[in-house]
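Structure record follows, encoded as C-alpha cells.
Quick note: the coordinates plus some simple rules give every number you see, no bench work behind them. Since the model is a prediction, treat every value here as computed from it, not as a measurement. All Cβ positions, glycine included, derive from the backbone under ideal geometry; neighbour counts span all protein chains shown.
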Amino acid sequence: MNRIHTAFATIAALVVGLGAAALPARAQEHSHEGHDQQTEAAEAPAPSSQDWIPAEVRRIDIPQQKLTLKHGDIRHLDMPGMTMPFKLAPGVVSAAQLSAIKTGDKLEVRIESQQGQLTIVELRPAPAGN
C-alpha cells in the first residue's frame, strides 16, 4: 500500500511541477494568441451545414417530396446517426431524378434546419466503394 501512495505522490508532484513550469511558457504564448487559435481551427474544423453526410435511402415518398434515410452523424445539428425522413428542398432534384432514386441507394447529403424542419438542401451519389 505504501508503494501505491508513494507512486501517487510522485505523479502528483510531477503534475504540479509540470504545471508550474508551463506557466511562463503560457505567458509568452499570449503574443501569438491569434496564431494559435488559427492553428487549432485548422486542426479541428467546426461542424457546419456544408458537411456531406453519408446516407442510405430506406424509403421514397414522391408525393410528399421526402426521403427516409439511414444517415451518419449530423455534427452541425449535434444529431447522431439514425433513420428518419427528410424533406427535400425545392429544386434539389427534379421529378425524374427523384423517381430514379431507389431504396438502398447510397448518397451523401447536406442537411439544414429550415422553418423547424430538417431539410435536404443538396444530395449526390456516394463515391464508389462507400
Ranked list, fewest to most other Cβ atoms within 10 Å of each Cβ, for Met79, Met84 | Met84, Met79
Within-10-Å neighbourhood charge of Thr83 [Cβ basis; K, R +1; D, E -1] = +2
Potential extension, Gln117-Met82 segment - 0.36 nm per residue separation minus Cα distance = 11.0 nm
Which order do Arg75, Arg59 fall in if you start with the one that has the fewest other Cβ atoms within 10 Å?
-> Arg59, Arg75
Once both labels are modelled 7 Å past Cα along the beta-carbon direction, what's the Arg59-Ser99 spacing in nm?
-> 2.3
